[in-house]
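See structure below.
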Amino acid sequence: MNPLYLIPYTEPIPAPAEIFIILEQLFFLIHIIIINSIVGLSLIILYQWDKKQDFFIINKPLAKKIPILFALGINMAIPTLLFLQVVFGHLFYTSSILMGTFWILIIPFLIIAYYSSYFHYKKFEVSGFAKYALIIMIIIIFYIAFILVNNLSMMEMPERWETYFSNRSGTILLWNVASIYPRFLHFLIASIAVGGIAYSLYFRKNSEDKVREGLKIFAYATMFQIAIGFWFILSLPQNIMQKYIGGDLFATVVFILSIITAFLSIFIALKANLKGSVLLVFFTLVFMVINRYNLRVFHLGENFNISQLKLSPQWDVFTIFLVILLLGIAVISYMLKITFSKTKEAKK
């Protein structure tokens, strides 16, 4: 069946598609940094649990930050999905329906994960269940990540939608798509790496040893992450993989830059240079976000192009929106500053 027959009609958009795409990628970048930090920090806390005498004293203030970051991460996911839906809504809604059973479960699971993060903090040093609350939160985030990977991948592959005619129960997942697994692992390992950086940033004014520990976690996780990244590229269809190795100039340049900055970040991290590591990680993540969008374009191919969208300008409303957006970014920046500010509790 021609997948073009399965793609719904598009709706007019109030501003050029490029603006919404840039905003989507910007908020996704913020969202993924926060979520990676949450998962990474949680895994580090879980690994270190009660191994040292002062574990609870040192890590209680850090545990307090996880629910705050969780709330912020959820809030950053909302504009990301909204901007995605403006341009690619007709594709995203369809893929969401095809896996509707798993998709709708995200909401109750997310509530459980959020309250688990609070339980973990409140009962951190007084209840053995605090550890299991943290495990529950991590497992749920992994579940949500896996479903999102499936949803966004299916959105980009209309040719897979015909599976609906043999399975109308809303339980379609891309188990037989080779790239799903490295794409999911790419998130998992990135969380450990970014968590290492977040750990170093948190203790940067209080413990040089913990800064070095966090940077080592980042460096070793990034080594593994690079291997996963190459697996991911090799798992893509041949025509798409070639786009990243010379077939498309822009995609190739960005891909090479992401590899260079990743290797440099490992070298700098092993030298215990926190500022340099943070800078290189940021650029690596920016390049990875661009790689991700390029992959969407390559997967969609002739099935959909943003030039097909009709423009119905509403510049007055859009201007008001941009002003509110800038104010929101300012508030978010302040919240992040407060979240990772120096606290007396974290001192040795």
Would you tally the residues in region 234-293 being of a type in the set (Ser, Thr, Tyr) and under 18 Å from the mean Cα position of the chain (by Cα)? 3
Filter pass, ILE172 being buried (at least 19 other Cβ atoms within 10 Å of the Cβ), outside the structural domain of GLN225 (by TED's automatic domain parsing) and not in a helix (DSSP H, G or I): yes
Among the numbered criteria (1) in a helix (DSSP H, G or I); (2) at pLDDT below 90, which one does GLY89 miss? (2)
Please verify whether PHE263 is farther than 24 Å from ILE34 by Cβ, modelled with pLDDT of 95 or more and not β-branched (Val, Ile, Thr), treating the condition exactly as stated. yes
Among the residues of region 58-66, is there at least one that is closer than 23 Å to ASN151 by Cβ and not small (Gly, Ala, Ser)? no
Return the total of residues in region 154-178 being in contact (Cβ under 8 Å) with a residue 40 or more places away in the chain and under 21 Å from ILE7 (Cβ atoms). 13
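Run down ILE290, ILE226, ILE256, ILE240 and say which single residue is without any contact (Cβ under 8 Å) to a residue 24 or more places away in the chain and at negative phi.
On the way: ILE290 fails: without any contact (Cβ under 8 Å) to a residue 24 or more places away in the chain; ILE226 fails: without any contact (Cβ under 8 Å) to a residue 24 or more places away in the chain; ILE240 fails: without any contact (Cβ under 8 Å) to a residue 24 or more places away in the chain.
The conditions single out ILE256.
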Could you grab the pairs with beta carbons closer than 7 Å, sequence gap of 6+ or different chains, first residue in region 60-82 and assigned by TED's automatic domain parsing to the domain that holds SER333 and assigned to a helix (DSSP H, G or I), second one of a type in the set (D, E, K, R) and surrounded by fewer than 17 Cβ atoms within 10 Å (Cβ to Cβ)? LYS60/GLU125; LYS60/GLU345; PRO61/GLU345
Can you name the residue in region 148-166 that is assigned to a helix (DSSP H, G or I) and surrounded by fewer than 19 Cβ atoms within 10 Å (Cβ to Cβ) and is also farthest from the chain's Cα centre (by Cα) among such residues? PHE165
For region 1-30, give me the residue count where each residue is in contact with a Pro (Cβ under 6 Å, 6 or more places away or on another chain) and either outside the structural domain of PHE92 (by TED's automatic domain parsing) or modelled with pLDDT under 90 (or both). 3
Scan of region 290-319 for residues that are under 27 Å from ALA178 (Cβ atoms) and either touching a Phe, Trp or Tyr at 6+ places or on another chain (Cβ under 8 Å) or of a type in the set (D, E, K, R) (or both), ordered by number: ASN291, ARG292, ASN294, ARG296, GLU302, PHE304
Quick check on this structure: which one of ILE57, ILE74 is aliphatic (A, V, I, L, M) and either modelled with pLDDT of 85 or more or under 30 Å from GLU156 (Cα atoms) (or both)? ILE74
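The values are calculated or read from the model by the stated rules, or taken from the named source; none is laboratory data. Given the structure is predicted, the values throughout are model-derived calculations rather than measurements. With ideal geometry, Cβ positions are generated from the backbone for all residues, glycine too; neighbour counts draw on all protein chains shown.
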